[in-house]
């Protein structure tokens, strides 16, 4: 078994979380053999495994993502590598979707590996159909070489960002260039009163239109056609009788309602994209093509970080990131501190930067605060080297997440000697303690799995105490300012803990034990469990 060289066939790397975990596991995989990504495993996995055998390698399928989205075949043993942040596991069918039953589905896999000991116990207690092993995700060697935090250190980066909180100075060229819209020279922007009144009317109309009856809806259609004729435009709707309008309206309403309730929740992303393409084709046939989406961009500008900096990696489209509690507690904790900065680094694609930044900006404005501290929202992903520079400029890494399964960025920060402000629920409890973090109090709150169409309360999240997060912000700032030697000592302990629990050597040893337990992987003798 020692002489065997493994060929790891990777599938399911579809988002940034799985990509980060694969990059962290890559050094361990390279010590045991070779690895390659298989983007379409249903048609390419068997060929890739046969090619590996012809080269004298032993193929193994590493399936990232959730088991229900994994392609399983008896031609090659599959090791499941799920990214699961819930304390419970679904062991039942979701209505007619039998693949959601992990207890049955995992019988077709050779093994399942979990990144933490707590998650391993959770899967073992559930009674999955395959063995479960603990394989820690290693920290990168270069992260341990990050210099100690220096309050005089400053770092400037050109990126797409927006500054919230602090009011820019009139002569500050950097912040002036961070504005979203640049008016042409000599043009003074004036509010369009007609457009504003029309938008308010449309908002009021759409608010009450669901309560209209059929008669009122038909009268509105007639008024609209007459209004279009008065302004010289041709109505797009053909003349129809009252009965026809009523029947078509009811059929469209109940058809869409039935589709949303009974069909859409069970379609995959690929199927939804096909449905969208069919709708676009129908619109094209009816000569009603969908207008191309216009995605505004936030311009690039120089962002300088220095002083007391808190960094958080968030996904604003995921409610579990809990960005609202993070923003409000930071604003109130450092209301009169212009030298304190919170950096929000998005993990979402750059194409969604404008949309998600607008949501955060609207929420910050709704708080009605005028804090002197600032929030720098970086709405584009940063490369690995730029993230290291960001960590070097950061004093703390903060998280207000409600659930976490693989805190890779937090582990990377601790390896670089940066302390953490956050809760210790879910898998964070094995990483954070009183010697490397300011622990925020949290309590379990019942909820449902995000992909459960029935939304049954069968699991929980870790709801943080908002006042506790605000207090930990204040305590962490006080310690680094009043006791810098204590901060440096805790920083050293944080590096040592990560080195003991998340090294490449430990990951390689754990993977070797998993691979040795896999039965003969020859295609003819590998049993297809049912």
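Just so you know, all these numbers are worked out from the coordinates, no wet-lab data involved. All values reported here derive from a predicted model rather than from experimental measurement. Cβ atoms come from the backbone with ideal geometry, glycine included; neighbour counts cover every protein chain shown.
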Item checked: Relative contact order %, segment 264-390, counting alpha carbon pairs below 8 Å whose residues are six or more apart -> 25
Item checked: Mean separation of Cα contacts under 8 Å (6+ apart) over length of segment 415-530, as relative contact order % -> 24
Margin query: Order these by the 10 Å Cβ neighbour count, fewest first: 358, 86, 93.
Written below: 93, 358, 86
Check: What share of the DSSP beta bridges in segment 1-152 is antiparallel, in percent to the nearest 5?
Finding: 5
Next item on the list: Considering Cα pairs under 8 angstrom that are at least six residues apart, work out the relative contact order of segment 426-478 and quote it in whole percent.
Entry: 33
Notebook entry, point to check: Fewest to most neighbouring Cβ within 10 Å: what's the order for 61, 425, 451, 134?
Noted result: 451, 134, 425, 61
Next item on the list: For residue 44 and residue 104, compute 0.36 nm times the residue count separating them, minus their Cα-Cα distance, and round to one decimal in nm.
Entry: 19.1 nm
Next item on the list: Within 10 Å, count the other beta carbons around each residue, average over each peptide in 7-14, 414-421, 150-157, and list them highest first.
Entry: 414-421, 7-14, 150-157
Next item on the list: For a footprinting-style exposure proxy, rank 205, 144 by other Cβ within 10 Å, fewest first.
Entry: 205, 144
